[in-house]
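Structure first, then comments.
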Amino acid sequence: MNVCVYTLGCRLNQCESEGIADSFTSEGFNIVKEKEFAEIYIVNTCTVTSKAEQKARRMIRHFATTGICIVTGCYAQMNSDDIKSLANNIVIIPLEKKAHLLKLAKHINVAMDSGMSLSASIDSFADVEASVFDFDAATFSYHSRAYLKVQDGCDNNCGYCRVHVARGKAITLDSEKVIKRALQLREQGFYEIMLTGVNLTMYDHEGDGLGGLIEKLLAVSAPDVRYRLSSMEADHVDDRLLNTFKDDRIQPHFHIPLQSASDKVLQRANRKYDMKHLRYIIKRLKEIKDDPFIAVDVITGLPQEFDEEFKETYDFIKETEFSQLHVFPFSPRPNTDFENAKDKVPEYVRDERATLLRDLSVELHDKYIQRQRGKECDVIFQARRKGVYTGLTGNYLDVLIDNPPVFAKEGMLFRAKFKDDIAIGEKPYITILEDK
Ligand code: SF4
């Protein structure tokens, strides 16, 4: 039977979806992509923007014309009635029961063996024992590297965000369990592991933050394993964490939710850091790693972002030469402090700023790629399609591989070198130097 797990939103959702897909694989189901036919669609939704919710509704309506649609995730948590009304064959799984989906495949097999129909078997699925940290997949259907969830929830209350409302308070997986899972993933053949969480830098196990966790991980990990962090909120980034990045096994790729570079706007949005701290982090990252890939999220049109504050943000991003921007025009979300904010920016101004930043992102990303000419890097072999071989470098660039070894398989790690001629706006080529 075919099952499609369709994911919207953050890397944590992607990580959890892989855990769910893996539980179906191990029960003999066939995992397919969204364009293929499936009897069961599991849609893991996101509530960060109204756009993500619109897309979820569109996909759910589409999937429900073909199969049974099981919907979970932050949007399903916040607006289950809206989703339920989209079609008849929709089953909502609230966030506190999302991990129960890891046991659904087994239940379906047992129920159908005893003569139940597929829909009756899903309807009869009752509560089971499962924790939010049980999404530890042994196989990954939609990615060539492994995800490891170490944290969930968030104790902050940013004015624009309702993820913390949906996901609840910050919780952490014990460091011993993180280490055990990381070592298992390497044994299963994964060379790259991405640590994920809702607010990863809020990791706190017995007073040890994310820096302490990474120190312990590095102390026991093989030299050929690579770690990547899904995202880093600035407020809990300290020197202990930054110092762990000196290890080559931490990939030179960082993702920071900046949102604005104006202290006034950050304060209004109830962000827990200021630009002095953010500048310090960026300076240290650039000292520790050779030209790391630093991507930032930016929201345009946040309350109090007038022309001067936007200029501060634009100039800071340009001067700092970030490698990529993820730009989100602000739209007030229900159940947030900004739902009825009075100091809003007109929508057309918000959208103009988004366009300016997206253009800047293209320019900065191209510049970053051009700076890689002739440099050495790690690369994870990704795919071999129609004679074209692709990979993902340590500094998070999609590349084409010039000389793929015949034995190369998805997920393998190689040392490589960027070619000297990189055409503007095109994917760069790399040459494999050796098998790690
Ligand atoms: S840090 Fe802010 S934006 Fe991020 S999840 Fe927590 S409340 Fe939301």
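Observations
- Ratio Rg/Rh, restricted to the chain and using Cα atoms, in which Rh is the Kirkwood radius: 0.96
- Extent along principal axes [Cα atoms of the range 146-370; Å; largest to smallest]: 53, 42, 29
- Whole-percent pair-distance distribution, where bins are 5 Å wide, for the alpha carbons of the range 237-301: 4, 15, 27, 23, 15, 10, 4, 1
- Debye equation applied to the C-alpha atoms of the range 2-123, log10 I(q)/I(0) at 0.23 Å⁻¹: -1.50
- Counting every C-alpha pair in the range 82-140, the share spaced more than 13 angstrom apart comes to 66%.
- Debye log10 I(q)/I(0) at q = 0.10, 0.14 Å⁻¹ for the range 278-390, Cα point scatterers: -0.43, -0.73
- Residue order, fewest to most beta carbons within 10 Å, for 121, 260, 331: 331, 121, 260
- Applying a 4.7 Å cutoff between beta carbons, the unpaired cysteines of the chain are 4, 10, 15, 46, 69, 74, 154, 377.
- Ratio Rg/Rh [Cα only; Rh per Kirkwood] for the range 346-415: 1.18
- With contacts taken as Cα pairs under 8 Å and at least 6 residues apart, the chain reaches a relative contact order of 10 percent.
- In the chain, the calculated helix contribution to ellipticity at 222 nm averages -10000 deg cm²/dmol per residue, counting -39,500 (n - 2.57) for every DSSP H run with n ≥ 4.
- Once C-alpha pairs closer than 8 Å and six or more residues apart are averaged by separation and normalised to the residue number of the range 146-370, the relative contact order reads 18 percent.
- Rounded to the nearest Hz, the phi-derived 3J(HN,Hα) couplings of the range 110-123 under the Karplus curve 6.51 cos²θ - 1.76 cosθ + 1.60 (θ = phi - 60°) are 5, 5, 6, 4, 8, x, 6, 6, 4, 5, 5, 5, 6, 4, where x marks glycine and proline.
- Comparing Cα centroids, the range 385-423 and the range 326-348 end up 41 angstrom apart.
- Number of Lys pairs (Cα under 22 Å; 8 or more positions apart or on different chains) in the range 303-383: 5
- Here the Kirkwood formula puts the hydrodynamic radius of the range 122-277 at 16.9 Å, using every distinct Cα pair.
- Among 43, 165, 128, a tally of other beta-carbon atoms within 10 Å of each Cβ gives an order, fewest to most, of 128, 165, 43.
- Listed by Cβ neighbour count within 10 Å, with the fewest neighbours leading, 59, 202, 112 appear as 112, 59, 202.
- Close amide H contacts of residue 259 (hydrogens built in the peptide plane, cut-off under 5 Å, sequence separation of 5 or more or a different chain): 297, 298, 299.
- Principal axis extents of the C-alpha atoms in the range 376-435 (largest first, rounded to whole Å): 30, 25, 18.
- Average projection, convex hull of the Cα set of the range 35-192: 11.1 square nanometres.
All of the numbers you see were taken from the coordinates with simple rules; none came from a lab. Just so you know, these numbers come straight off a predicted model, no measurement behind them. Reconstructed Cβ throughout: ideal geometry from the backbone, glycine too, with neighbour counts over all protein chains shown.
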